[in-house]
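Since the structure comes first, as structure tokens, the remarks are kept for the end.
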Amino acid sequence: MKKGSSIIITLLSVLVIVLLYQLVSGEGTASDRKTGMDVRSDKIRMLEHQPETPYKVVIDSGHGGKDNGATGASGNFEKDFTLQVALKVEELAKQEPQIEVVLTRSEDRFISSIDRERPEIGNQLDADLFISIHGNTYEDASVSGTETYYYHEDSLFLAKILQKHIVQNSGFRDRGVKKEDFFVLKDSNMPSALIEMGYLTNPQEENEMLSEDFQYRMASSMLDGIKEALNLN
């Protein structure tokens, strides 16, 4: 009995030593390692952002150049509407020292989707947020409203915040937040959202969307959403 007990105790001791070694050396399960890495990455990212360093936010105005995007009820192009809103976001953001806005385009130029340049701009900058601006279209001119898209689950909060602010200040129908694998969302390494602000094919909605007052209000709403998403309020 004594000899058997000694063997059991020895085996248990060896087992405990092996388990301790695996824990210390990080040789746990794959899920444990992934969780640890994710948490560690989040902590590193938070530590790297110094208070005096502004958050980088990429504002992408959809389409451009030979890519007109949607054609509105009046014949105006989506590419011009999205650029005007983006420029106004950049203008208003200059009053926010904690936010640095970077535009994917500041003029009417074509950006190919083949090389994924739009999300890559944000990835190369290690941006904190990526927001793409669009105007919607439909064959039925009576269809209206705002909808915001996301792809990765860590982007859902941003889409919800932006949708809330845009709808509140536009008065447009709330068409909700939806998941879609648009490449600008799928390829972005940071929280990202795509806003379809309204339907350019709806005459009443387009008339508002093309006005300076509306565009400034939407730019201001987006900034409010950005500040909320970054906990700057």
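Observations
- For region 129-186, a residue qualifies if it is touching an Asp or Glu at 6+ places or on another chain (Cβ under 7 Å) and either among the small types (Gly, Ala, Ser) or loosely packed, with under 15 Cβ neighbours inside 10 Å (or both), and the qualifying residues are Ser132, Gly135, Ser144, Gly145, Gly176, Lys178.
- Of the criteria (1) closer than 22 Å to Leu162 by Cβ; (2) touching a residue at least 12 places away in the same chain (Cβ under 8 Å); (3) among the charged types (D, E, K, R), which one Asp108 fails: (1)
- Test: residue in region 113-127 that is closer than 18 Å to Gly225 by Cβ, open to solvent by 20 Å² or more (accessible area, probe 1.4 Å) and of a type in the set (D, E, K, R): no
- Applying the criterion of being hydrophobic (A, V, I, L, M, F, W, C) and assigned to a loop (DSSP other than H, G, I, E, B) to the residues of region 48-97, the residue that is least open to solvent (accessible area, probe 1.4 Å) is Ala70.
- Close pairs from region 78-89: first of a type in the set (Phe, Trp, Tyr), partner surrounded by fewer than 24 Cβ atoms within 10 Å (Cβ to Cβ), Cβ under 7 Å, at least 6 apart: Phe81/Leu210
The values are calculated or read from the model by the stated rules, or taken from the named source; none is laboratory data. Values in this document were obtained by computation on a predicted structure and should not be read as measured data. Here Cβ is always computed from backbone atoms with ideal geometry, including for glycine, and neighbour counts include all displayed protein chains. Note: accessible area is taken over every heavy atom of the protein model, side chains too, but ligands, DNA and RNA are not part of it. Shrake-Rupley method; radii C 1.70, N 1.55, O 1.52, S 1.80 Å.
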